[in-house]
Amino acid sequence: MGEIEDAIERADRENFTREPPKTLPGRINYLLKQLGSAKAVAAELGVTADSVNRYRRGARKNPPKDVSSKIDDAVRTRWQPGVRKRRQKEAAATGITVETRARFGYTASVGSTDDGRFRRLTVRLPAAYAQRLFDARNAGASDQDMRDIIAEGFKDVYFQDGGGRAMGLSDVAINDIDYLDIGY
């Protein structure tokens, strides 16, 4: 996953109304309900069905770190899908907040500097950009495609101030992301 995908996942997790199960048997039982069988859970986690049943019963309490992280990821990606969809729908209607520290470069008219530089920005992007970002993510777009959508939003909202300045600015690029966080 890229930076944008990770930021959207973090935003989704922040919107949980209940925490996912914390115990290993609780997580395994949840996955069994979601996937239907120990064999399906085992295929998802890359372990045997017997191992899944041992985790469920509590006979095996400490899975290896890589298996533990796979269990955690599998639970979190399936946890509260209705809450995620509702919050994304609201965000697509109201907009999202993007906070980042990254190198921004741009193409501008002759005579102005177009050297990229690091900026720390917190910008509220309008609903149209939020909808495009979610649509791109759901369609399996690359991280670069999602960066381009955010860069276009920054160009419109921050650099051009909604059409009030820097009208000669044609392209904005986000490079060298230190961190990126999305909130909705």
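Observations, loosely collected:
- The stretch 139-152 residues that are in a loop (DSSP other than H, G, I, E, B), paired with ones that are open to solvent by less than 40 Å² (accessible area, probe 1.4 Å) and not hydrophobic (A, V, I, L, M, F, W, C) (beta carbon under 8 Å, 6 or more apart): SER142/GLY2
- In the stretch 1-19, the residues that are at negative phi form Cβ pairs under 8 Å with partners that are aliphatic (A, V, I, L, M) and open to solvent by 30 Å² or more (accessible area, probe 1.4 Å), at six or more places apart or across chains, as follows: GLU9/MET1.
- When ARG101, ARG76 are checked against the criterion of being modelled with pLDDT under 90 and under 23 Å from GLY183 (Cβ atoms), a single residue qualifies: ARG76.
- Evaluation of ASP114 against the conditions (1) modelled with pLDDT of 85 or more; (2) assigned to a loop (DSSP other than H, G, I, E, B); (3) under 27 Å from ASP181 (Cβ atoms); (4) open to solvent by 60 Å² or more (accessible area, probe 1.4 Å) shows that the sole unmet condition is (1).
The values are calculated or read from the model by the stated rules, or taken from the named source; none is laboratory data. Because the structure is a prediction, the values reported are computed rather than measured. Cβ sites come from the backbone with ideal geometry, for glycine too, and all protein chains shown count toward neighbours. Protein only, heavy atoms only, side chains kept; ligands, DNA and RNA dropped before computing areas. Shrake-Rupley method; radii C 1.70, N 1.55, O 1.52, S 1.80 Å.
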